[in-house]
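Before any comments, here is the structure.
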Amino acid sequence: MIQKGIQWNWRVIGNRNIADFLQNNIAKNNLAHAYLFAGPEKVGRKILAYEFISSLFCEDKNVKPCGKCRQCQQIAKGIHPDVYHLSKLEEKKDIIIEQVRELQNKLSLGAFSNGYKVAVIDGADLLNESSANSFLKTLEEPTAKTIIILIAEKVDFLPATILSRCQILKFLPVKEKEIFDYLLSLGAQRAEAENLAHLSFGRPGLALDLFRQRDLLEEHNKRVNDFFLLSQGEIYERFEIINNLANSKIERNVLVKNLDSSLGIWASLLRDMAYIKNDSLDFIANLNVKEKLQKLAQRYSLEKIVELMEELNKTRDYLERNVNIRLALENFVLNL
């Protein structure tokens with residue numbers, strides 16, 4: 001049972017059951033040594049992780065972090081001496097063993113505040129074999145008042161030995177209505193909130209990014225427009241877009257990340273076209289281009305749309321496997 005008199009309103013959208021579980025853990029002083037926050041990106045895993053951490057350190061001692069005390073302020077700024085954040089280095093493909101060893105050294109030291117020490121491993125599914133084996137020692141030999149939070153999307157990439165030592169919390173996509181209502185509370189117009197809630201596919205973080213950062217929304221709309229040009233434009237227009245997308249001046253890992261974002265948007269447009277062919281208009285995500293999608297869908301059979309979706313997935317896989325970017329894109333575009 002939740003203790004009476006405690007305020008619970010953590011800053012989360014959806015996955016309330018996980019927030020309640022963690023809040024009860026704190027209230028009952030029944031904390032696990034390691035938690036795995038598993039689920040898709042931008043579904044609220046990191047925000048909830050830091051609400052949890054702030055609640056452990058907050059000087060108000062009321063489970064809901066005050067956000068004003070020195071401890072909360074340090075955590076918000078990423079400078080708390082007892083909270084460590086580990087993620088993949090930008091120039092690396094994986095989280096490397098040297099990073100894990102540095103974290104282990106920090107965790108072996110005494111806490112500055114004589115309380116908890118917390119480590120957040122963001123993208124834990126990027127631990128390679130050697131770094132994962134090294135990290136396992138930390139899980140097998142936990143020190144007192146040390147809590148480790150792993151954040152991962154592809155849980156299957158983590159060794160079973162690590163999974164078995166974590167309290168696994170599975171984050172699910174958030175209901176569209178919850179995202180819609182939250183955007184309205186931030187001042188969004190109803191049409192805008194409805195469109196962004198649909199586009200987010202249950203990821204409130206994505207909806208908030210698109211709402212707060214207009215440049216991201218403009219980039220999203222540009223990628224949508226690229227799709228229509230690729231499917232309807234003249235051949236020279238198609239290859240001009242491919243040339244821009246396959247920019248050789250950008251480092252490959254950055255380029256692949258940008259392209260995967262574009263291909264993800266194109267996948268959502270193809271999915272919407274499939275819904276249109278099945279007369280399932282309520283499931284369309286890209287509401288702001290609904291009419292254009294309906295018109296474009298008339299050119300394709302449902303079988304062709306499904307084929308294009310499969311080709312697009314292959315293209316995304318090719319990019320991960322270091323296939324020539326231009327050839328991969330041309331192969332997909334010429335089938336449109």
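The values are calculated or read from the model by the stated rules, or taken from the named source; none is laboratory data. Here the structure is a predicted model, which is why all the values come from computation and not from measurement. Areas reflect the complete protein model, heavy atoms only, side chains present, ligands, DNA and RNA absent. Shrake-Rupley method; radii C 1.70, N 1.55, O 1.52, S 1.80 Å.
Worth a mention:
- From the alpha carbon centroid of the range 239-270 to that of the range 78-124 is 32 Å.
- With all protein chains modelled, accessible area of Ile235 [1.4 Å, Å²]: 90
- Added length on full extension, which subtracts the Cα-Cα distance from 0.36 nm per residue, Asn313 to Lys177: 46.1 nm
- Taking amide H as placed 1.01 Å from N in the peptide plane, Ile168 has its amide H under 5 Å from the amide H of Leu36, each at least 5 places away in sequence or on another chain.
- Among Phe211, Phe37, the order of accessible area from largest down is Phe211, Phe37, computed with a 1.4 Å probe on protein heavy atoms.
- Helix-only CD estimate at 222 nm, as mean residue ellipticity for the chain, using -39500 (n - 2.57) per DSSP H run (n ≥ 4): -17000 deg cm²/dmol
- Stretching the chain fully between Asn243 and Asp279 yields a gain of 9.4 nm (0.36 nm per residue, less the alpha carbon separation).
- Most to least accessible of Val100, Val12 (protein chains only, probe 1.4 Å): Val12, Val100
- Note on exposure: Glu90, Glu153, Glu51, Glu234 ranked by accessible area (1.4 Å probe, complete protein assembly) read Glu90, Glu234, Glu153, Glu51, with the most exposed listed first.
- Checking the Cα-Cα distances for Lys222/Lys295; Lys106/Lys137; Lys257/Lys290 against a 21 Å cut-off, the pairs over it are Lys257/Lys290.
- Rolling a 1.4 Å probe over the protein heavy atoms gives the chain an accessible area of 54 Å² per residue.
- Given a 1.4 Å probe and the protein chains as shown, Tyr275 ends up with an accessible area of around 70 Å².
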